[in-house]
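All remarks here apply to the structure that follows.
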Amino acid sequence: MPNFIPVEKQTVLITGAAGYICSWIVKTFLDEGFSVRATVRDLKDFAKISHLNELKKKSNGHLKLVEADLMHEGSFDEPAKGCEILVHTASPFIVQNIKDNQKQLVIPAVEGTKNVLSAANKSDSLRRVVLTSSVAAIHGDNCESGSGQNGMFNESDWNTSSSGDYNPYQYSKTMAEKMAWKMAENANWDLVVLNPGFILGPSLSTRIDGASVDMMRSLLNGKYRLGVPDICLAFVDIRDVARAHFLVAEDRNIAGRFILVSEVGNTPMVAEILRSEYGKTHPIPKNVIPKWLVKMTGFIFGLKRDYLERNVGHSFKIDNRKSLEELGLTYRPVRDTILDHAEQLISMGLV
Ligand code: NAP
């Protein structure tokens with residue numbers, strides 16, 4: 001007989017399990033021995049979910065996949081029953097060649113959050129909701145400054161420049177997070193929001209449709225062989241983001257928003273790190289495209305001139321101290337994140 005009492009792990013509902021980040025979130029909770037109920041859009045889409053079935057075989061925890069869609073009212077009601085924790089990550093992440101801002105981004109993000117949190121309200125057991133928001137809900141364009149010292153962005157800042165017509169992805173994340181805070185006001189559960197920067201790091205699946213994976217592949221496969229625009233990004237490792245979701249899930253003393261960022265850098269910096277390891281084997285860009293040329297050619301990538309004017313060549317500062325001090329999170333260096341991601345894509349033949 002063991003001389004300890006086994007701790008009964010709680011049941012967590014996680015939305016968007018087949019996506020890039022969420023697969024790591026599912027893995028992290030499973031590794032910690034949780035019982036995980038994870039939603040996917042289509043249980044018959046084996047190409048999207050086969051890696052989750054692999055995780056299930058190797059894990060300490062228990063995984064059950066269930067079907068749910070952000071656009072179907074009531075879709076999350078049954079999955080939420082009996083869960084103590086809800087991690088809501090599902091939301092479209094599209095930044096280029098968007099045809100219908102409302103239909104592709106804003107409606108699924110905002111109405112989806114409403115549907116998911118309505119399910120939380122109907123569940124008697126739910127106590128904690130963790131929402132995967134983004135630094136996109138903190139600020140819109142790189143030319144802006146935050147309210148902290150030296151114009152640094154922090155958790156008190158909100159994106160006020162994005163709209164349904166301009167930076168619709170950033171707007172969708174801002175409006176979805178606002179909806180979540182509003183619904184949390186009179187709820188039986190409490191809300192913690194995570195605001196990650198641009199996430200890179202090895203993927204658990206062979207999917208190549210996500211924005212993060214697309215950027216890394218484009219830098220490795222020659223799409224930008226003539227050069228990259230200088231765009232400032234706040235980077236964070238996918239494994240650290242997944243860990244943060246676990247760290248905030250159970251502790252009732254943790255509250256509010258948390259910026260998750262390891263380092264601020266830019267696209268030429270990513271290219272330089274990649275070149276140091278893969279420069280001889282892959283057509284990694286060596287040049288920075290001048291801003292005037294980026295503005296003339298941006299339409300090819302579906303990027304508008306005013307977006308390029310306000311983002312190319314501008315840098316910003318963002319404060320990650322709350323995540324370090326209150327969550328005790330430690331961040332991997334961005335170089336490791338980038339090289340681990342490249343290694344995964346190359347070794348899986350995805351470049
Ligand atoms: P992703 O791989 O494209 O994942 C998006 C997920 O949302 C997918 O699982 C997708 O389902 C799901 N989804 C989209 N529309 C849906 C709908 N109508 N019903 C149900 N599920 C739907 O992108 P990601 O990078 O992992 O992003 C996941 C989350 O992290 C998003 O909330 C995003 O805003 C946030 N985030 C991402 C980054 C980043 O740099 N990647 C940074 C900060 C925050 P399918 O699997 O069926 O396609």
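The GNM of the chain, with springs linking C-alpha atoms under 10 angstrom apart, assigns the highest mean-square fluctuation among Ala17, Ala176, Ala211 to Ala211.
Rounded to the nearest 500, the helix-only mean residue ellipticity at 222 nm of the chain stands at -11500 deg cm²/dmol, with each DSSP H run of n ≥ 4 adding -39,500 (n - 2.57).
Can you name the helices of the chain, as whole DSSP H runs, whose Cα span along the helix axis is 27 Å or more and whose Kyte-Doolittle mean is not below 0.5? What comes out of the filter, once short or polar helices are dropped, is none. For region 55-154, pairs of C-alpha atoms spaced more than 21 angstrom apart make up 51 percent of the total.
Annotation: amide H-H contacts under 5 Å for Arg128 (H modelled 1.01 Å from N, sequence separation of 5 or more, or interchain): Leu86, Asp190.
Hey, what D do you get for region 240-289 in µm²/s if you plug the Kirkwood alpha-carbon radius into Stokes-Einstein at 37 °C and 0.692 mPa s?
Translational diffusion coefficient: 233 µm²/s.
A Gaussian network model of the chain, with springs between Cα atoms under 10 Å, assigns the largest mean-square fluctuation among Ser147, Ser163, Ser123 to Ser147. Our note on the geometry: Cα centres of region 246-320 and region 120-175, 17 Å apart. When the chain is treated as a Gaussian network with alpha carbon springs shorter than 10 Å, the biggest mean-square fluctuation among Lys178, Lys56, Lys99 belongs to Lys99. Would you mind checking Lys114/Lys182; Lys64/Lys122; Lys44/Lys223 for any pair whose Cα atoms are more than 22 angstrom apart? From the list (Lys114/Lys182; Lys64/Lys122; Lys44/Lys223), the Cα-Cα distance tops 22 Å for Lys44/Lys223. Expressed as a whole percent, the proportion of Cα-Cα pairs in the chain lying more than 29 Å apart is 38%. A simple rule links phi to the HN-Hα coupling: the Karplus curve 6.51 cos²θ - 1.76 cosθ + 1.60 with θ = phi - 60°, which for region 147-164 gives 8, x, 4, 6, x, 6, 7, 9, 5, 8, 8, 10, 5, 10, 9, 7, 8, x Hz, with x for Gly and Pro. Charged side chains reduced to their Cβ positions (Lys and Arg at +1, Asp and Glu at -1) give the chain a dipole of some 760 debye around its Cα centre. The HN-Hα couplings worked out from phi for region 71-78 by the Karplus form 6.51 cos²θ - 1.76 cosθ + 1.60 (θ = phi - 60°) are 8, 9, 4, x, 4, 9, 4, 5 Hz, whole numbers, x standing for Gly and Pro. Rounded to the nearest whole Hz, the Karplus-based 3J(HN,Hα) values (6.51 cos²θ - 1.76 cosθ + 1.60, θ = phi - 60°) of region 97-103 follow the sequence 6, 7, 9, 9, 4, 5, 5, with x at glycine and proline. Each DSSP beta bridge with both residues in region 10-344 is either parallel or antiparallel, and the antiparallel ones are about 15%.
The relative contact order of region 10-344 comes to 19 percent, based on Cα pairs under 8 Å that sit 6 or more residues apart. Residue ranking by accessible heavy-atom surface, 1.4 Å probe, largest first, among Ile208, Ile49 comes out as Ile208, Ile49.
What is the Rg over Rh value, at two decimals, for region 1-125, using alpha-carbon atoms and the Kirkwood definition of Rh? Please list the in-between numbers first.
Numbers: Rg = 15.7 Å, Rh = 15.3 Å.
Using Cα coordinates only, the ratio equals 1.03.
For Ile259, the amide hydrogen comes within under 5 Å of the amide hydrogens of Asn195, Ser323, counting only partners 5 or more places away or on other chains and with H modelled in the peptide plane.
Bridgeable aspartates and glutamates around Lys103 (alpha carbons under 17 Å apart, same-chain partners fewer than 8 residues away excluded): Asp69, Glu73, Glu111, Asp165. If the Kirkwood radius is taken over C-alpha pairs of region 9-81, then at 37 °C and 0.692 mPa s the Stokes-Einstein diffusion coefficient equals 271 µm²/s.
The values are calculated or read from the model by the stated rules, or taken from the named source; none is laboratory data. A quick note: this is a predicted structure, and the numbers were derived from the prediction, not measured. Methodologically, a virtual Cβ is constructed for each residue, glycine included, from the backbone with ideal geometry; neighbour enumeration extends over all protein chains shown. For the accessible areas, the whole protein counts, side chains as well, though only heavy atoms, and no ligand, DNA or RNA atoms are used. Shrake-Rupley method; radii C 1.70, N 1.55, O 1.52, S 1.80 Å.
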